[in-house]
Every structure is written in structure tokens, then in C-alpha cells.
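Step one of this worksheet: look at the structure below.
Just so it is clear, none of the values below were taken in a lab; they were calculated from the coordinates. Because the structure is a prediction, the values reported are computed rather than measured. Neighbour counts are summed over all protein chains in view; Cβ atoms, including those assigned to glycine, are modelled from backbone coordinates with ideal geometry.
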Amino acid sequence: MTNELATRLRAYLSARSARERQTLLVGGLLLLVLLGYGGVYEPLRQARAKLAERLPAQRAELRLMRMQAVEIERLRRHLGSTGNGSLEQRVKASAAAFGLVGKIKQFNAIAGEQIQLSTQPLATAAWSEWLTGIEAQGIRIVRCRISSAAQPGMASLELTLQGGQP
């Protein structure tokens, strides 16, 4: 089939004058260059530009993930080390780990392996992370009363916690 096509093309070109053959050759080369540019080079250039545009955001996201991984590992080690002991010891150790030691106003151990406590106003992120850490240790929140403070984003907590093993 290719032989037949080549034969037909030779016959077509031999019937043309030298100037027409030269014009067809230049036009064919120009068409080949344009197809290469439009079909190969330009799509690759656009894809590279998009990747270069997204790269800084992805690098920043990677840095954030690495920092979060370090923080997660730190919390795991700390929570793992505070997982033993009495309920009171575990709650106090957890509060210390989250920097809340001076923020607890009242701390009472009551019957049935329970603790009641109340806090000074805390930032929402601080107390929500702390409660997540407490639950990860197997300590159950029996009662939780959250009262908003005068400052935006701050709240006081009244908690009843019940012991459990992690």
C-alpha cells in the first residue's frame, strides 16, 4: 500500500513544474512544522506552565503536612506516655501537655472513677484539641457545658470525665 502511495505521489510530482514542486515542498515542510508546534510543543509548554504555577502551593502544602506529621508524632508519644495511671493523673498530664495547667479553676475527683473540672476561658482551638486528646486516651466525656466568654473565640468549660483505659 505504501509503495502504491509513493508511486502515485511521484507521478503527481513529476507532472508538475519545478517551481510547483518547490512550492509544494516548502508548503509541506511548513505544514509539518506547524503540526509539530501545535500538536506537540505547545501542549507540552502549557502543561509545564500549569505545573510550574501549582508547584509553590504544593511545596507549601508538603511543608505543612511535614510539620503536622511531626506534631502528630509528638502528641502520640506524649499521649502514649500519659496513658497509664489514675484518671486524675492522666487528665492532669494531658492538660499539661496542651498547656492548660494554670487554666483549670476547679478539679474534683468524685466517686465512680469520675472527675469534675471547670476551666478559665480558653481558646476554642485549645480546648477542642485537648478534648480530642482526652478521648484518644479512652477517657469519656460524660457531661460538657461550654459557656462563651467576653472575648471572641474564648469559652469556659465545665466537664465531667469518666475513666477508661486507652
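Per-residue ellipticity at 222 nm for the chain, helices alone: DSSP H runs ≥ 4 residues times -39500 (n - 2.57), over residue total, nearest 500 deg cm²/dmol?
On the way: 5 runs with 96 residues, N = 166.
Theoretical 222 nm ellipticity from helices: -20000 deg cm²/dmol.
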- Note on the structure: Relative to the chain, whose Cα atoms define the longest principal axis, helix 2-14 and its Cα axis are tilted in degrees, nearest 10, by 50
- Bins of 5 Å from zero: percent of alpha-carbon pairs in segment 110-166: 5, 19, 28, 24, 14, 7, 3, 0
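Going highest first, how would you order 125-132, 87-94 by mean Cβ packing within 10 Å?
Details: 125-132: 15.4, 87-94: 19.0.
So the order, starting with the most tightly packed, is 87-94, 125-132.
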- Task: Run the dipole for the chain about the Cα centre, Lys and Arg Cβ at +1, Asp and Glu Cβ at -1, nothing else charged, and hand back the magnitude in debye, nearest 20.
- Result: 700
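Give the calculated FRET efficiency between residue 160 and residue 68 to the nearest 0.05, with a Förster radius of 35 Å applied to their Cβ-Cβ distance. All intermediate terms of the calculation are to be shown ahead of the outcome.
Values: r = 31 Å, r/R0 = 0.89.
Result of the calculation: an efficiency of 0.65.
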- Query: Which option, (i) 2.36; (ii) 1.34; (iii) 1.03, is the value of Cα Rg over 2.2 N^0.38 Å that was calculated from these coordinates?
  - Reply: (i)
- Any trypsin sites (Lys or Arg not before Pro) in segment 1-51 that lie in a DSSP loop and have at most 13 other Cβ atoms within 10 Å would be 16
- So what's the angle, to the nearest 10 degrees on a 0 to 90 scale, between helix 87-97 and the longest Cα principal axis of the chain? 50
- Out of 114, 137, 22, a Gaussian network model of the chain with alpha-carbon springs under 10 Å gives the largest mean-square fluctuation to 22
- Message: Can you give me the distance in nm between label points at residue 3 and residue 25, each placed 7 Å from the Cα along the Cα-to-Cβ direction?
- Response: 2.6
- Task: Apply the Karplus parameterisation 6.51 cos²θ - 1.76 cosθ + 1.60, with θ equal to phi minus 60°, to every residue of segment 117-131 and state each ³J(HN,Hα) to the nearest whole Hz, in sequence, with x for glycine and proline.
- Result: 8, 9, 10, 6, x, 10, 5, 4, 4, 5, 6, 5, 5, 5, 5
- Task: Provide Rg over Rh for segment 92-140; use the alpha carbon set for both Rg and the Kirkwood Rh (inverse mean inverse pair distance).
- Result: 0.95
- Top positive-direction residue, dipole computed over the chain with Cβ charges, set 2, 121, 38: 2
